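Single-structure report; data block below.
The values are calculated or read from the model by the stated rules, or taken from the named source; none is laboratory data. Computed from a predicted model, the values in this text were never measured in an experiment. As a convention, Cβ positions derive from the backbone with ideal geometry for all residues, glycine included, and neighbour counts pool all protein chains shown.
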Amino acid sequence: MKPTRVYCDIDIRDHLRKIFPGNRKSFALDVGYHEGSTYPDGTSIAEVAIVNEYGAIIDHPGGTKYIKDAVVSHMATDPETGRRKKVYSVGVRFVADNFVGNAFITGPHSIVIPARPFFGKAFEVNKTKWINDFEGFVASSGYDLEKAFKLLGAVVRSDIIAQIDATTTPPNAPSTLRRKKGSHPLIDTHLMRNSIDWEVTQL
């Protein structure tokens, strides 16, 4: 696994020195996305994760057809029942180039994708817990450092996935929601969520 800019580098060398004053064997734990992991259309999963983590501004050349009188739908919470339901309204919708009818064409514009940090937030929330977990794994594994790192990798992956699930703001734009199966801003096909992996290497 080649580390990308979206990964967790957990520095616990000081804790290792306390546990093993004379230890000369060192390991690295990388948590992130495998190089080459893509969506079905070839888009890099790691690149999508980076955009979600840090946000992005995309300069769009324009030229996309759209209509203003489309019947569109989105999921909303019913204030009376508290249940999610589909709500319909008249609004803007992009259409194919071969669309027949009255349509408008977008001019050059910028698309702003807000940051929805989940790696950094998971690290901020769980760093102390991860260090404590690691010390426990060292003891429970019979002081097998490699095994302890592998146990920690599984925990870190699980906590990052939990942070993805917990990150519900900022919401997606209405145009994005119309293309998705749900309303969670970081989840659509679940590929980015489920593709997080970890690897332990000896240095």
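Among the residues of the range 126-158, those identified as at pLDDT 90 or above and of a type in the set (A, V, I, L, M) are 148, 151, 152, 154, 155, 156. Condition test on residue 154, is it in contact with a helix residue (DSSP H, G or I) (Cβ under 9 Å, 6 or more places away or on another chain) and either in the same structural domain as residue 28 (by TED's automatic domain parsing) or over 28 Å from residue 75 (Cα atoms) (or both)? No, not satisfied. Exactly one residue out of 147, 180 is part of a helix (DSSP H, G or I), of a type outside the set (A, V, I, L, M, F, W, C), free of Cβ contacts under 8 Å to residues at least 12 places away in the same chain and surrounded by 14 or more Cβ atoms within 10 Å (Cβ to Cβ), and it is 147. Going through the range 103-144 one residue at a time, which ones are surrounded by 16 or more Cβ atoms within 10 Å (Cβ to Cβ) and aromatic (Phe, Trp, Tyr)? The answer is 118, 119, 123, 130, 134, 137.
Among the residues of the range 132-144, those identified as part of a helix (DSSP H, G or I) and closer than 19 Å to residue 202 by Cα are 134, 135, 137, 138. Between 76, 46, 103, the distinction of being within 30 Å of residue 145 (Cβ to Cβ) and in contact with a Lys or Arg (Cβ under 9 Å, 6 or more places away or on another chain) belongs to 46 only. Step by step: first the residues of the range 150-177, then only those that are without any contact (Cβ under 8 Å) to a residue 24 or more places away in the chain and part of a loop (DSSP other than H, G, I, E, B), then the one that is nearest to residue 120 (Cα to Cα). Which residue is that? Only one residue tops the list, namely 168. Residues in the range 26-41 that are in contact with a Phe, Trp or Tyr (Cβ under 8 Å, 6 or more places away or on another chain) and over 29 Å from residue 144 (Cβ atoms): 0 in all. I'd like to verify a number: residues in the range 39-68 that are more than 21 Å from residue 109 (Cβ to Cβ) and in a strand (DSSP E or B), how many? Count: 1.
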